[in-house]
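Here's the structure we're looking at; comments come further down.
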Amino acid sequence: MNESNAVPAAETVQETIERLGAVVPDYPKPGIVFRDLTPVFADGPALRAIVDSFVRTFEGTFDYVAGIEARGFLLAAAAAYASDRGVITVRKPGKLPRRVYSESYGMEYGRNTLEVHVDDVPAGSRVLILDDVLATGGTLGAAARLIQKVGGEIAGFGVVLELGDLGGRQALKDYDVTSLVTY
Ligand code: AMP
């Protein structure tokens, strides 16, 4: 890291995310403003601050951390490691080799399906679900339905960025949602 890349002293995690996050207009479709967090994840102190923040916020409330393919995996694996918990993978269709439940849903720029193995979550386990961005809430809502279908309980959701105008928080109003930055 050279001096111009150094994290300014006393910068908050919110300021770090805002400083490093990239904004990509018209991706993946015209009219969508894509929030690209890859530069945030590539920054060691930023990644650590984000993961620590989720672990602190939900400390003592979860038995597993679920990540949504693919960006959610980065956060889930790190948070699970930091809290000595295991990871549940919520995956795109056709990726999991054994019996799955599937949920199809609408999200900001299309329709998708997510899957989870029917036996990956011990009954009654409390699952924290992490992803990079909350937009309409379709993705996290589908992930929650899947975890519940396989016998888990939702400890809460953690996202790095929330797009406040798209109604995701309202769609997930029955759950505890933590976002580090809201636009
Ligand atoms: P949604 O289901 O509408 O809340 O969309 C959230 C999911 O889609 C997350 O997995 C995000 O990675 C992705 N996503 C949706 N909208 C955006 C956006 N504007 N910028 C970056 N990622 C997005």
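The values are calculated or read from the model by the stated rules, or taken from the named source; none is laboratory data. Note that the structure is predicted; figures quoted are calculated from it, not measured. Every residue, glycine as well, gets a Cβ built from its backbone with ideal geometry; the counts of neighbours run over all protein chains shown. Surface accessibility is based on the protein's heavy atoms, side chains included, excluding ligands, DNA and RNA. Shrake-Rupley method; radii C 1.70, N 1.55, O 1.52, S 1.80 Å.
Could you work out the helix-only [θ] at 222 nm for the chain, with each DSSP H run of four or more residues adding -39,500 (n - 2.57) and the total divided by the number of residues, to the nearest 500 deg cm²/dmol?
Taking each H run of at least 4 residues, the total per residue is -8500 deg cm²/dmol.
With a cut-off of 8 Å between alpha carbons and a minimum separation of six or more residues, what is the relative contact order of the range 45-146 in percent? Present the calculation step by step, with values, prior to reporting the outcome.
Details: 172 pairs, mean separation 30.8, N = 102.
Computed value for the range 45-146: 30 percent relative contact order.
Give me the extension gain from Val118 to Lys92: residue separation times 0.36 nm, minus the current Cα-Cα distance, reported in nm with one decimal.
Between Val118 and Lys92, full extension yields an extra 7.9 nm.
Once the Cα atoms of helix 71-83 and of the chain are each reduced to a long axis, what angle between those two axes, in degrees from 0 to 90 to the nearest 10, is obtained?
90 degrees
With all protein chains present, how much of the accessible area of the range 3-182 (probe radius 1.4 Å) comes from carbon and sulfur, to the nearest whole percent?
Carbon and sulfur atoms account for 49 percent of the accessible area of the range 3-182.
Please work out the average accessible area per residue across the chain, using the 1.4 Å probe convention, and give it in Å².
It amounts to 50 Å² per residue over the chain.
Among all the aspartates and glutamates, which ones have a C-alpha under 15 Å from Lys149's C-alpha, if same-chain residues fewer than 8 places away are not counted?
Of all the aspartates and glutamates, those that pass the test against Lys149 - Cα under 15 Å, at least 8 places apart if same chain - are Glu103, Glu115, Asp119, Asp120.
Between Tyr183 and Gln148, what is the label-point separation in nm under the 7 Å Cα-to-beta-carbon projection?
3.0 nm
When only C-alpha pairs under 8 Å and at least 6 residues apart count, what is the relative contact order of the chain, in percent?
Relative contact order here is 17 percent.
Can you figure out the FRET efficiency of Thr57 with Ala22, using R₀ = 25 Å and their beta-carbon distance, to the nearest 0.05?
According to the calculation, E is roughly 0.50.
Counting pairs of alpha carbon atoms under 8 Å apart in space and at least six apart in sequence, what relative contact order in percent does the range 92-138 give?
38 percent
Given points 7 Å out from each Cα along the Cα-Cβ axis, report the Arg99 to Thr38 separation in nanometres with one decimal.
The answer from the label model is 3.9 nm.
What does the charge add up to near Gly94, with Lys and Arg as +1, Asp and Glu as -1, over the other residues with Cβ less than 14 Å from its Cβ?
With Lys, Arg at +1 and Asp, Glu at -1, the neighbours total +3.
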